[in-house]
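Working notes, beginning with the structure itself.
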Amino acid sequence: MTSSSRRDFLLRSTSAAVTGGLFTSVVGATPTSANSTPRSASAPGLPGVDYKPVVTPNGVALPHRVVDGVKVFHLVAEDVEHEFAPGMTAHCWGYNGRVHGPTIEAVEGDHVRIYVTNRLDVPTTVHWHGLKIPNGMDGVGGLTQRTIHPGETFKYEFVLRQHGTLMYHSHHDEMTQMAMGMMGMFIIHPRQPEAPPPDRDYVYLLSEWKLDPGARRPDPNEMMDFNVLTLNAKISPATDALVARTGERVRIRIGNLSAMDHHPIHLHGHSFVVTETDGGVIPEAGRWPEVSVLVPVGSTRTIEFVADNPGDWALHCHMTHHVMTQMGHGIPNLIGVDPSKFDEKLAEVVPEFDSMGMDMSGGASMSTDDSIPANSLPMISARGPFGYITMSGMFTVLEVREQLTNTGEPAPYEHPTGTVADAASKADLEADGIEP
Ligand SMILES: [Cu+2]
């Protein structure tokens with residue numbers, strides 16, 4: 001199909017969809033703003049009028065301009081020097097100077113045109129994961145298009161016929177290009193929402209990497225032992241916290257484009273329901289309460305809940321090795337071993353060695369300790385108000401507060417008296433008949 005016939009096809013498809021009834025219910029839909037005039041289903045959806053923009057923690061939205069009623073985006077595939085957390089960077093591949101790429105956000109019925117410029121040294125394509133689009137726009141190298149050669153700019157163009165939490169990623173030399181970071185989220189808001197938008201609408205993309213201590217390139221050949229597990233390409237303590245005021249309705253959209261691992265994402269202190277997958281909205285009768293949601297590779301899951309429990313609540317992958325960073329796994333099991341002769345023996349070969357004070361943090365300091373290898377981080381995260389938090393990787397915190405400051409920044413959580421677990425007193429033990 002030539003580009004002009006393709007455009008005709010797109011235009012015909014749009015008008016057919018409108019006259020055919022697909023969008024009939026939203027033609028002339030009144031936007032949420034009270035003063036605005038009714039707008040047609042094919043008018044480009046406006047932020048703040050037709051939709052409430054999502055928040056991508058540690059990320060950004062891809063800007064667009066409107067040309068003759070079409071939303072025009074531009075993705076640039078390129079080398080990116082990416083920081084996973086202070087002290088750990090890598091030469092990755094991403095889009096528009098970022099790993100992962102910026103979040104694309106639009107509205108059901110929008111006509112979008114997405115230019116993709118390839119500034120890499122290798123051919124690539126972009127696939128629009130979960131989108132119901134013409135086959136030739138699907139971005140599968142060799143199958144639905146020829147690849148975008150270095151220096152070329154391709155044009156993808158389609159009408160958004162659905163709403164939901166979707167994704168985009170390279171679909172050429174997938175194993176390498178996705179392992180290098182070439183992915184992002186694609187959010188399509190409903191033209192006419194069934195319910196008011198949530199107070200908070202967060203977006204995460206999960207991924208996994210192999211980055212050996214000292215290495216500067218992720219290793220795409222890894223298929224088992226991923227050692228950097230990320231939320232929006234960041235590891236704790238660099239993951240932004242989520243924030244909510246008590247009583248607010250919170251939505252968290254989670255996509256997973258890891259190479260090999262599903263991730264059970266677990267939220268503390270609340271229960272939630274899964275409201276949609278990348279296949280669409282789950283009917284209310286088909287939802288049930290959960291505190292963990294398994295996000296399979298190549299899928300999205302959207303959860304919603306009311307933040308009704310103030311405090312600092314962990315949000316993390318429940319696979320315990322996925323909240324470690326750069327953990328080595330070829331280690332003998334020393335649990336229960338008597339280490340008393342250990343230092344003596346080891347001192348014969350490593351004179352300076354002292355096992356006292358060894359822990360999994362790799363030492364008390366995070367970044368000033370030059371005894372850890374270059375471009376590496378301790379396996380676990382950072383200091384919390386009560387000491388070391390023994391999680392890194394796919395871990396962040398949901399900060400729920402009764403009040404937020406004017407800037408929206410939460411103050412440190414102050415636990416009401418008597419609500420923090422602590423050492424039991426002698427009187428407690430005696431009163432309850434507990435013998436430690
Ligand atoms: Cu995981």
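The values are calculated or read from the model by the stated rules, or taken from the named source; none is laboratory data. Only a predicted model underlies this, so the values are computations on that prediction, with no experimental measurement involved. Here the Cβ positions follow ideal geometry from the backbone for every residue, glycine too, while neighbour counts run over all protein chains shown.
Do the conditions hold for Val250, that is, is it within 14 Å of the ligand (Cβ to nearest atom) and either closer than 26 Å to Val397 by Cβ or modelled with pLDDT of 95 or more (or both)? Before you say what the answer is, go through the steps one by one.
Numbers: within 14 Å of the ligand (Cβ to nearest atom): no; either closer than 26 Å to Val397 by Cβ or modelled with pLDDT of 95 or more (or both): yes.
When the stated conditions are applied, Val250 does not pass them.
Does Val203 satisfy the condition of being away from the ligand (no atom under 16 Å from the Cβ), crowded, with 22+ Cβ neighbours inside 10 Å and among the β-branched types (Val, Ile, Thr)?
Details: away from the ligand (no atom under 16 Å from the Cβ): yes; crowded, with 22+ Cβ neighbours inside 10 Å: yes; among the β-branched types (Val, Ile, Thr): yes.
In short, yes.
Going residue by residue through region 200-207, is there one that turns out to be touching a His at 6+ places or on another chain (Cβ under 6 Å), closer than 28 Å to Ile252 by Cα, not basic (Lys, Arg) and not in a loop (DSSP other than H, G, I, E, B)?
Going through region 200-207, the residues touching a His at 6+ places or on another chain (Cβ under 6 Å) turn out to be 205-206.
Imposing the further condition that a residue be closer than 28 Å to Ile252 by Cα reduces the set to 205-206.
Filter again for not basic (Lys, Arg), leaving 205-206.
When the remaining residues are screened for being not in a loop (DSSP other than H, G, I, E, B), the result is 205-206.
Within region 200-207, one or more residues are touching a His at 6+ places or on another chain (Cβ under 6 Å), closer than 28 Å to Ile252 by Cα, not basic (Lys, Arg) and not in a loop (DSSP other than H, G, I, E, B).
Out of Asp199, Asp225, Asp173, Asp219, which single residue is out of contact with any Pro (no Cβ under 7 Å at 6 or more places or on another chain), farther than 30 Å from Ala382 by Cα and not hydroxyl-bearing (Ser, Thr, Tyr)? Outline the logic, then answer.
Details: Asp199 fails: farther than 30 Å from Ala382 by Cα; Asp225 fails: farther than 30 Å from Ala382 by Cα; Asp219 fails: farther than 30 Å from Ala382 by Cα.
So the residue among Asp199, Asp225, Asp173, Asp219 that is out of contact with any Pro (no Cβ under 7 Å at 6 or more places or on another chain), farther than 30 Å from Ala382 by Cα and not hydroxyl-bearing (Ser, Thr, Tyr) is Asp173.
Restricting the search to region 140-179, which residues are of a type in the set (Ser, Thr, Tyr) and more than 26 Å from the chain's Cα centre (by Cα)? Explain how you work it out, then say what you get.
Quick first cut of region 140-179, residues of a type in the set (Ser, Thr, Tyr) only: 144, 147, 153, 156, 165, 168, 170, 176.
Answer for region 140-179, where residues must be of a type in the set (Ser, Thr, Tyr) and more than 26 Å from the chain's Cα centre (by Cα): Thr144, Thr147, Thr153.
Pairs only if they're at least six apart or on different chains, beta carbon under 7 angstrom, first in region 390-416 and assigned to a strand (DSSP E or B), second within 16 Å of the ligand (Cβ to nearest atom) and hydroxyl-bearing (Ser, Thr, Tyr); list them, first residue then second.
Taking only residues 6 or more apart or on different chains, the pairs are Gly393/Ser236; Gly393/Thr325; Phe395/Ser236; Phe395/Thr239; Phe395/Ser381; Thr396/Ser236; Thr396/Thr239.
Do we find that Pro332 is over 24 Å from Ile235 (Cβ atoms), modelled with pLDDT of 70 or more and out of contact with any Phe, Trp or Tyr (no Cβ under 7 Å at 6 or more places or on another chain) in this structure?
On the way: over 24 Å from Ile235 (Cβ atoms): yes; modelled with pLDDT of 70 or more: yes; out of contact with any Phe, Trp or Tyr (no Cβ under 7 Å at 6 or more places or on another chain): yes.
It is true that Pro332 is over 24 Å from Ile235 (Cβ atoms), modelled with pLDDT of 70 or more and out of contact with any Phe, Trp or Tyr (no Cβ under 7 Å at 6 or more places or on another chain).
Which ones in region 110-137 are under 12 Å from His172 (Cα atoms) and of a type in the set (D, E, K, R)? Steps first, please.
At the first step, the residues of region 110-137 found to be under 12 Å from His172 (Cα atoms) are 122-127.
Once the filter is applied, which keeps residues that are under 12 Å from His172 (Cα atoms) and of a type in the set (D, E, K, R), region 110-137 yields nothing.
Among Gly393, Gly387, which is the only one that is modelled with pLDDT of 75 or more and in contact with a Ser or Thr (Cβ under 6 Å, 6 or more places away or on another chain)?
On the way: Gly387 fails: in contact with a Ser or Thr (Cβ under 6 Å, 6 or more places away or on another chain).
That would be Gly393, the only listed residue that is modelled with pLDDT of 75 or more and in contact with a Ser or Thr (Cβ under 6 Å, 6 or more places away or on another chain).
Read through the list (1) among the charged types (D, E, K, R); (2) more than 16 Å from the ligand (Cβ to nearest atom); (3) more than 22 Å from Thr56 (Cβ to Cβ); (4) out of contact with any strand residue (DSSP E or B) (no Cβ under 6 Å at 6 or more places or on another chain), then give the number of the only condition that Asp240 fails.
(3)
Go over the candidates Pro218, Pro190 one by one and state the one that is crowded, with 17+ Cβ neighbours inside 10 Å and either over 23 Å from His322 (Cβ atoms) or modelled with pLDDT under 95 (or both).
One residue alone meets the criteria, Pro190.
Can you name the residue in region 221-237 that is of a type in the set (A, V, I, L, M, F, W, C) and within 15 Å of the ligand (Cβ to nearest atom) and, of all such residues, is surrounded by the fewest Cβ atoms within 10 Å (Cβ to Cβ)? Steps first, answer last, please.
Looking only at region 221-237, we keep the residues that are of a type in the set (A, V, I, L, M, F, W, C), and these are 223-224, 226, 228-229, 231, 233, 235.
Restricting the remaining residues to those that are within 15 Å of the ligand (Cβ to nearest atom) gives 224, 226, 228-229, 231, 233, 235.
Working: Met224: 9, Phe226: 23, Val228: 25, Leu229: 27, Leu231: 26, Ala233: 27, Ile235: 26.
So, considering only residues that are of a type in the set (A, V, I, L, M, F, W, C) and within 15 Å of the ligand (Cβ to nearest atom), the one surrounded by the fewest Cβ atoms within 10 Å (Cβ to Cβ) is Met224.
Determine the pairs where a residue that is under 20 Å from Ile188 (Cα atoms), located within region 249-273, has a partner that is near the ligand (Cβ under 9 Å from one of its atoms) and not in a loop (DSSP other than H, G, I, E, B) with Cβ atoms under 7 Å apart, the partner being 6 or more residues away or on another chain.
That search, which allows pairs on different chains as well, returns Ile254/Leu206; Ile254/Ile265; Ile254/Val295; Gly255/Leu206; Asn256/Leu206; Asn256/His263; Asn256/Val295.
Kindly state which strands (runs of 3 or more DSSP E) lie completely within region 254-359 and contain at least 1 residues that are within 16 Å of the ligand (Cβ to nearest atom).
Details: elements: 263-267, 272-277, 292-295, 299-306, 311-317.
Correct list: 263-267, 292-295, 299-306, 311-317.
Please tell me if Met324 is buried (at least 16 other Cβ atoms within 10 Å of the Cβ) and either modelled with pLDDT of 80 or more or touching an Asp or Glu at 6+ places or on another chain (Cβ under 8 Å) (or both).
Working: buried (at least 16 other Cβ atoms within 10 Å of the Cβ): yes; either modelled with pLDDT of 80 or more or touching an Asp or Glu at 6+ places or on another chain (Cβ under 8 Å) (or both): yes.
It is true that Met324 is buried (at least 16 other Cβ atoms within 10 Å of the Cβ) and either modelled with pLDDT of 80 or more or touching an Asp or Glu at 6+ places or on another chain (Cβ under 8 Å) (or both).
Output the residue which, of all residues in region 208-238 that are of a type in the set (S, T, N, Q) and assigned to a loop (DSSP other than H, G, I, E, B), is nearest to Glu81 (Cα to Cα). So that I can check it myself, show each step before the final result.
Residues of region 208-238 of a type in the set (S, T, N, Q): 221, 227, 230, 232, 236.
Then drop every residue that is not assigned to a loop (DSSP other than H, G, I, E, B), which leaves 221, 227, 232.
On the way: Asn221: 20, Asn227: 19, Asn232: 15 Å.
Here the residue is Asn232.
Might you check whether a residue that is buried (at least 22 other Cβ atoms within 10 Å of the Cβ) and closer than 28 Å to Lys52 by Cβ occurs anywhere in region 84-97?
yes
What are the pairs with Cβ atoms under 9 angstrom where one residue, in region 317-336, is under 13 Å from Asp212 (Cβ atoms) and the other, located anywhere, is within 15 Å of the ligand (Cβ to nearest atom) and assigned to a helix (DSSP H, G or I)? Sequence gap at least six, or different chains.
Cβ pairs passing all conditions: Met327/His321; His329/His321.
Pull up region 379-412, narrow it to residues that are touching a strand residue (DSSP E or B) at 6+ places or on another chain (Cβ under 9 Å), loosely packed, with under 15 Cβ neighbours inside 10 Å and not charged (D, E, K, R), then point me to the one that is nearest to Glu208 (Cα to Cα).
Gly384
Looking only at region 260-278, which residues are of a type outside the set (Val, Ile, Thr) and either closer than 18 Å to Val60 by Cβ or in contact with a Pro (Cβ under 8 Å, 6 or more places away or on another chain) (or both)?
Our first condition is that a residue be of a type outside the set (Val, Ile, Thr); within region 260-278, this holds for 260-264, 266-272, 276, 278.
Within region 260-278, His262, Ser271, Phe272 meet the criteria.
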